[in-house]
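Novice: Please read through the structure below; I'll follow up with questions.
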Amino acid sequence: MANPTKPAGTQYRFGKNAVVRVAPGMADGTKPLAASFKVLCLVKDVSIGLTNGKISLENFCTNGNTIDIPDGTSMGEMTIGTANWTEGDLALQIMEAAAQNTLGTDTGFDVWVEVCPLGIGTTKPIYDLPIWVEKWDMKIPDKGVITVDHTVSVYGKPQPGTQA
């Protein structure tokens, strides 16, 4: 039996070079300066995306059937995987300060996130996401490393761009 081959035109990317950076949000809602960002070292994965809003119609013109129609809204989504905790990790300190409402921004919850799926570099893709840290959860096992999980909400939706 011959070795299987990849079909012509098939493309894929591995996530191992991805970089996630966080910075305290600015009081005016603008993106923080590059020097403010710290790399968030995650154990496994990060997920970003969006869900487009809709309304459901059911009337005589639809013969009583329910029809979903886009309403023009979009809601961003982000799931951050587990991170190994150490007391000197600046990115985790930003996330904890946001959860504890001590960042000093207007709301105290804002963190700006950059997701770089292909790593850091000129012309590589980047997604900007201002987030609110809803939950901070430290797990301290009797065996193994201390970890931290976060639950976040995205303001708006992920904004795609290209790194300068």
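The values are calculated or read from the model by the stated rules, or taken from the named source; none is laboratory data. Worth saying up front: this structure is predicted, and the values here are computed from it rather than measured. A quick note on method: Cβ atoms are made from the backbone with ideal geometry, for glycine too, and the neighbour counts reach across all protein chains shown. With ligands, DNA and RNA removed, areas are computed over all heavy atoms of the protein, side chains included. Shrake-Rupley method; radii C 1.70, N 1.55, O 1.52, S 1.80 Å.
Novice: With each pseudo-label sitting 7 Å past Cα toward Cβ, what's the N63-N101 distance in nm, one decimal?
Specialist: It works out to 5.4 nm between the two label points.
Novice: Using only helices, what value at 222 nm comes out for the chain when you add -39,500 (n - 2.57) per DSSP H run of length 4 or more and divide by the total residues, to the nearest 500 deg cm²/dmol?
Specialist: Calculated from helices alone, the mean residue ellipticity at 222 nm is -2000 deg cm²/dmol.
Novice: Per residue, how much accessible surface does the chain expose to a 1.4 Å probe? Answer in Å², no decimals.
Specialist: 65
Novice: From the residues C116, Y12, Q163, which one has its Cα farthest along the dipole of the chain in the positive direction, the dipole being from +1 and -1 charges on Cβ of Lys/Arg and Asp/Glu about the Cα centre?
Specialist: Y12
Novice: Holding the Cα-Cα limit at 20 Å, pick out from K16/K143; K16/K124; K16/K38; K31/K157 the pairs that are longer than that.
Specialist: Values: K16/K143 27 Å; K16/K124 15 Å; K16/K38 18 Å; K31/K157 14 Å.
Over 20 Å apart, Cα to Cα: K16/K143.
Novice: For L33 and L90 in the same chain, what is the full-extension length gain: residue separation times 0.36 nm, less their Cα-Cα distance, in nm?
Specialist: Values: separation 57, 0.36 × 57 = 20.52 nm, distance 1.58 nm.
Extra length from L33 to L90 when fully extended: 18.9 nm.
Novice: Can you list the lysines whose alpha carbon is less than 19 Å from that of K135, not counting same-chain residues fewer than 8 positions off?
Specialist: Within the straight-line limit of under 19 Å, K135 reaches these lysines: K44.
Novice: Round to the nearest 0.05 the FRET efficiency obtained for I55 and Q159 when R0 = 30 Å and r is the Cβ-Cβ distance.
Specialist: Result of the calculation: an efficiency of 0.75.
Novice: Counting only residues 5 or more places away or on other chains, whose amide H sits under 5 Å from the amide H of T147 once H atoms are built in the peptide plane?
Specialist: Placed amide hydrogens put W85, K139 under 5 Å from T147.
Novice: Next question. Looking at the chain, identify the longest residue range that excludes and avoids all chymotrypsin sites (Phe, Trp or Tyr not before Pro) in DSSP loops having at most 14 other Cβ atoms within 10 Å.
Specialist: On the way: sites that count: Y12, F14.
The longest uninterrupted stretch comes out as 15-164.
Novice: Going toward the positive end of the dipole of the chain, with +1 on Lys and Arg Cβ and -1 on Asp and Glu Cβ, which of A34, I140, H150 do you reach last?
Specialist: So the residue we want is A34.
Novice: List the relative contact order of the stretch 12-164 as a percent without decimals, with contacts defined as Cα pairs under 8 Å and 6+ residues apart. Don't skip to the end; give the middle numbers.
Specialist: Values: 339 pairs, mean separation 40.6, N = 153.
Reported as a whole number, the value is 27 percent.
Novice: Ignoring solvent entirely, what values of log10 I(q)/I(0) come out of the Debye formula for the chain at 0.09 Å⁻¹ when each Cα is a single scatterer?
Specialist: These q points yield log10 I(q)/I(0) values of -0.42.
Novice: In whole percent, how big is the carbon plus sulfur part of the accessible area of the chain, probe 1.4 Å, protein atoms only?
Specialist: On the way: 5940 of 10720 Å².
It is 55 percent, rounded to a whole number.
Novice: Suppose the chain between K16 and I146 were pulled fully straight at 0.36 nm per residue; how much longer would it get relative to their current alpha carbon spacing?
Specialist: Contour length minus the Cα-Cα distance gives 44.6 nm.
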